[in-house]
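The values are calculated or read from the model by the stated rules, or taken from the named source; none is laboratory data. Keep in mind it's a predicted model, so treat the numbers as computed, not measured. Backbone-built Cβ (ideal geometry, glycine too); neighbour counts: all protein chains shown.
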Amino acid sequence: MQRAVITGVAGFIGSHLADSLLERGCSVVGIDNLLTGSLANIRHLRDREFEFIEHDVTRDISVAGPVDLVLHWASPASPVDYLELPIPTLKVGALGTHNALGLAKAKGARFVLASTSEVYGDPLEHPQRESYWGNVNPVGPRGVYDEAKRFAEAITTAYHRYHGLDAKIVRIFNTYGPRMRLQDGRAIPNFITQALRGEDVTVYGDGEQTRSFCFIRDLVRGIIALAESDVNEPVNLGNPAEMTIREIADAIISATGSRSRIVRMPLPTDDPKVRQPDITRARTLLGWEPDVSLAEGLGMTIDYFRSRVATAGTSPQGELTPR
Ligand code: UDP
């Protein structure tokens, strides 16, 4: 692969994908409208084979020159974001995916869609295999994200079947690591920020709901393996090590050496009770599996958050303004 386009390049995963492709000698065109992404995530790429285009991919995408790979990552992805941005979330999953597919088709490029374990909704099958069709409430608050991604999978598959596009779909399970926002809203960044600030750690519901957390480096390695493969069916990528939310909160409090206490808050509507990827397909077809332990991954993430918390002080958003 010589030249890749990444939509959502200024986000958590998009920026790590850019790093990885640049390291492999690929040049990268990154697109982002900075709705939830941040220039701080890509500032270090200024002197590399990297070009940034500030653009909303729900409008036509135009990129000059050849493109070999399109990675479509643009979307709000934290539940608090897609609750606040329901229509942009639906539009980027639908119109944005259509435009990104159109770009790949026009350039004869491969295409990878960032899909999600949310396509399984509040799953009635556990762990989740790719053959499971899911249990999604289309009119619930999470429906804007879940259904947008389900539509995105359907149109991606249609481009593959009807236009012969070499399209891949990755269903990403909970992932964490450096460059998540301090107040991203998701469990791990929330808990780390709260623990480092000595604030109460907010566990929603009884904390017995489960998730399975994958470190960003493992995930990116899996995405690149999928992009380079001849696989066209959806592939789960995630770490099958399942734990309760209460357990991850305890692990973070102890890894940060914090004195924070756990407080209970109401469970959001339609919050999935369990989630664990079956990664047999990724193991078999890509030879991929995660190898970063939770202790190691949390250590690297906490180091990153420690430096950010120190700089961000107590601003309400807890965010760094781009410098
Ligand atoms: N959660 C929590 N406290 C928080 C943020 C999230 O208890 O401050 C819970 C949330 O209700 C869910 C789990 O942690 O059960 C994972 O939530 P997250 O927002 O990380 O992503 P999800 O897996 O729900 O998409």
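If you go through the stretch 117-160 and keep only what is touching a helix residue (DSSP H, G or I) at 6+ places or on another chain (Cβ under 8 Å), hydroxyl-bearing (Ser, Thr, Tyr) and either more than 14 Å from ILE172 (Cα to Cα) or assigned to a loop (DSSP other than H, G, I, E, B) (or both), you end up with TYR132, THR156, TYR159. If you go through the stretch 104-124 and pick out every residue that is under 15 Å from ILE61 (Cβ atoms) and either within 12 Å of the ligand (Cβ to nearest atom) or without any contact (Cβ under 8 Å) to a residue 40 or more places away in the chain (or both), you end up with 1. Selection of first residues in the stretch 129-143 that are farther than 20 Å from LEU267 by Cβ and of second residues that are charged (D, E, K, R) and in a loop (DSSP other than H, G, I, E, B), restricted to Cβ pairs under 8 Å at least 6 apart or on distinct chains, gives the following pairs, ordered by first then second residue: ARG129/ASP278; GLU130/GLU233; GLU130/ASP278; TYR132/GLU125. Mind counting the residues in the stretch 276-297 that are outside any loop (DSSP other than H, G, I, E, B), in contact with a strand residue (DSSP E or B) (Cβ under 6 Å, 6 or more places away or on another chain) and within 15 Å of the ligand (Cβ to nearest atom)? Counting residues in the stretch 276-297 that are outside any loop (DSSP other than H, G, I, E, B), in contact with a strand residue (DSSP E or B) (Cβ under 6 Å, 6 or more places away or on another chain) and within 15 Å of the ligand (Cβ to nearest atom) gives 2. What residue, among those in the stretch 254-270 that are assigned to a loop (DSSP other than H, G, I, E, B) and away from the ligand (no atom under 16 Å from the Cβ), is farthest from the chain's Cα centre (by Cα)? Filtering first and then ranking leaves ARG259.
Looking at the stretch 126-180, which of its residues are out of contact with any His (no Cβ under 6 Å at 6 or more places or on another chain), at negative phi and among the small types (Gly, Ala, Ser)? If the condition is that a residue be out of contact with any His (no Cβ under 6 Å at 6 or more places or on another chain), at negative phi and among the small types (Gly, Ala, Ser), then SER131, GLY140, GLY143, ALA148, ALA152, ALA154, ALA158 are the ones that fit. LYS273 meets the conditions (1) within 28 Å of GLY134 (Cβ to Cβ); (2) touching a Lys or Arg at 6+ places or on another chain (Cβ under 9 Å); (3) in a loop (DSSP other than H, G, I, E, B) in every case but one. The failed one is (2). Scanning the stretch 164-198 for residues that are more than 10 Å from the ligand (Cβ to nearest atom) and either part of a helix (DSSP H, G or I) or free of Cβ contacts under 8 Å to residues at least 12 places away in the same chain (or both) yields GLY164, ILE192, ALA195, LEU196, ARG197. Hey, does the stretch 248-256 have a residue that's closer than 30 Å to ARG24 by Cα and at pLDDT 95 or above? The answer is no; no qualifying residue exists. Under the condition of being assigned to a helix (DSSP H, G or I) and under 19 Å from the mean Cα position of the chain (by Cα), which residue from the stretch 223-247 is nearest to the ligand (Cβ to nearest atom)? So the residue we want is ILE245.
Pairs meeting the criteria (first residue in the stretch 64-83 and of a type in the set (D, E, K, R), second residue assigned to a loop (DSSP other than H, G, I, E, B), beta carbons under 6 Å, at least 6 apart or on different chains) are ASP68/MET1; ASP68/GLN2; ASP68/ALA109; ASP81/THR36.
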